[in-house]
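Engineer: Let me give you the structure first, and then I'll get to my questions.
The values are calculated or read from the model by the stated rules, or taken from the named source; none is laboratory data. Computed from a predicted structure; not experimentally measured. Here the Cβ is made from the backbone with ideal geometry for all residues, glycine too, and neighbour counts use every protein chain on show.
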Amino acid sequence: MAFYLGIDGGGSKTACAVGDESHLIATVTAGPSNIVRVGETAARESLHQAVGQACAAAGITTQQIRRICVGAAGAGRPETASMVHKILAEILQGEIDVVGDGPIALEAAFGAGPGVIVIAGTGSISYGRDANGKTARAGGWGFAVSDEGSAHWIGRAAIAALLRANGSEAGIESNSVLWSVITKVWNVSPFEKLVRIANASPPADFSAIFPAVLTSAEQGDRTSEGILEHAGRELAELAARVIHRLFPQREPARTTSGQSPDAEHTVPVALAGGVFRHAAVVRQTFYNEVRNRCPEAALNPQVVDPVLGALQLARRDEKHATLE
């Protein structure tokens, strides 16, 4: 029996799935493996741990894996893809295919069909494919200049909002629910320590602030709610750019009666990533904004799991290689 391995290597965690030709056998998660964010040593540890644990859970050895597909943020850069390939080849003998995080999420959502996927995890990107196989992307250029609406972006926006609205520790402590939850995450007291961490080199882990922003918003903090709504709008902008680039002929699809466009004129849109999964405010704002800007969009309310797309690509590429 042939076994296949799918990996989704992200900035917060690494998911690994093992399956045979038609069944999912086991899934596990390990630490982050985004090389750009955590470095080669930490990425190697997470990838090796994920593969080892997945094979153990499936009751097989690494030598039994025939083909592997790994989706990794930044894999569009040859040096990053080469490094991920090298790390996995240290423990796996099967054929290894390294792709970006967009293709595996697109596969999880639509198989080989057309559609647009928006990923919002530690980073963010919008990626799509039309019926002819043409692809396009928006965003995903790294946390320093892009990753709009991501967990990193949300955390950085929260810190920036605190510093803009309050000029002192006393002001923050007396006026912000957000400050009280962030101090527990970053252990930032006094106020000057927050400033030092926020401006540290290498950059601080702003994505760790994301759960604190969610907690603050649930407690009624309007600043946090506004940040999450802004994130939803930014992610909708990424989706709209890809939709208009790949499906320009479908933009005026709404009928004069105001009804939704029929299936022939719709563009399937799906979501992936922890920000969408955990932040209802981001998700709802995204839905509303995309519907307003792109009435041809047919939104899937389920947040897809990209690692299942990686597993399916490993199987599919194996079938294609056999046919050739």
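Engineer: Being among the aliphatic types (A, V, I, L, M) and in a helix (DSSP H, G or I) is the filter; apply it to the stretch 280-301 and report the residue that is farthest from PRO211 (Cα to Cα).
Structural biologist: Keep residues of the stretch 280-301 that are among the aliphatic types (A, V, I, L, M), which gives 280-282, 290, 297-299.
In the following step, the residues that additionally are in a helix (DSSP H, G or I) were identified as 280-282, 290.
Working: ALA280: 13, VAL281: 13, VAL282: 13, VAL290: 25 Å.
Selected residue: VAL290.
Engineer: Identify, by number, the condition in (1) crowded, with 20+ Cβ neighbours inside 10 Å; (2) on the phi > 0 side of the Ramachandran plot; (3) not aromatic (Phe, Trp, Tyr) that ALA17 doesn't meet.
Structural biologist: Unmet condition: (2).
Engineer: Give GLY39, GLY9, GLY31 a once-over and let me know the one that is under 20 Å from ASP205 (Cβ atoms), surrounded by fewer than 19 Cβ atoms within 10 Å (Cβ to Cβ) and touching a strand residue (DSSP E or B) at 6+ places or on another chain (Cβ under 7 Å). If you could, list the steps in order and put the result at the bottom.
Structural biologist: On the way: GLY39 fails: touching a strand residue (DSSP E or B) at 6+ places or on another chain (Cβ under 7 Å); GLY9 fails: surrounded by fewer than 19 Cβ atoms within 10 Å (Cβ to Cβ).
After applying the criteria, what remains is GLY31.
Engineer: Which numbered condition in (1) modelled with pLDDT of 90 or more; (2) in contact with a Ser or Thr (Cβ under 9 Å, 6 or more places away or on another chain); (3) of a type in the set (A, V, I, L, M, F, W, C) is the only one that VAL267 fails?
Structural biologist: Only one criterion in (1) modelled with pLDDT of 90 or more; (2) in contact with a Ser or Thr (Cβ under 9 Å, 6 or more places away or on another chain); (3) of a type in the set (A, V, I, L, M, F, W, C) is unmet by VAL267, namely (2).
Engineer: Taking ILE87, is it aliphatic (A, V, I, L, M) and not in a helix (DSSP H, G or I)? So that I can check it myself, show each step before the final result.
Structural biologist: Numbers: aliphatic (A, V, I, L, M): yes; not in a helix (DSSP H, G or I): no.
No; evaluated as a whole, the condition is false for this residue.
Engineer: Which one of the conditions (1) of a type outside the set (Asp, Glu); (2) part of a loop (DSSP other than H, G, I, E, B); (3) modelled with pLDDT of 85 or more; (4) within 28 Å of THR14 (Cβ to Cβ) does GLY220 fail to meet, given that it meets all the rest?
Structural biologist: Here GLY220 clears every test but (4).
Engineer: Hand me the list of strands (runs of 3 or more DSSP E) wholly inside the stretch 99-143 holding 2 or more residues that are modelled with pLDDT of 95 or more and under 17 Å from ALA310 (Cβ atoms). Spell out how you get there, then give the answer.
Structural biologist: Working: elements: 115-120, 124-129, 135-138.
Passing ranges, in order: 115-120, 124-129.
Engineer: Also, quick follow-up: Can you confirm whether ALA109 is touching a strand residue (DSSP E or B) at 6+ places or on another chain (Cβ under 6 Å), within 27 Å of VAL242 (Cα to Cα), of a type outside the set (Ser, Thr, Tyr) and touching a residue at least 60 places away in the same chain (Cβ under 8 Å)?
Structural biologist: yes
Engineer: What's the number of the only condition in (1) within 21 Å of the chain's Cα centre (by Cα); (2) surrounded by fewer than 22 Cβ atoms within 10 Å (Cβ to Cβ) that VAL51 fails to meet?
Structural biologist: (2)
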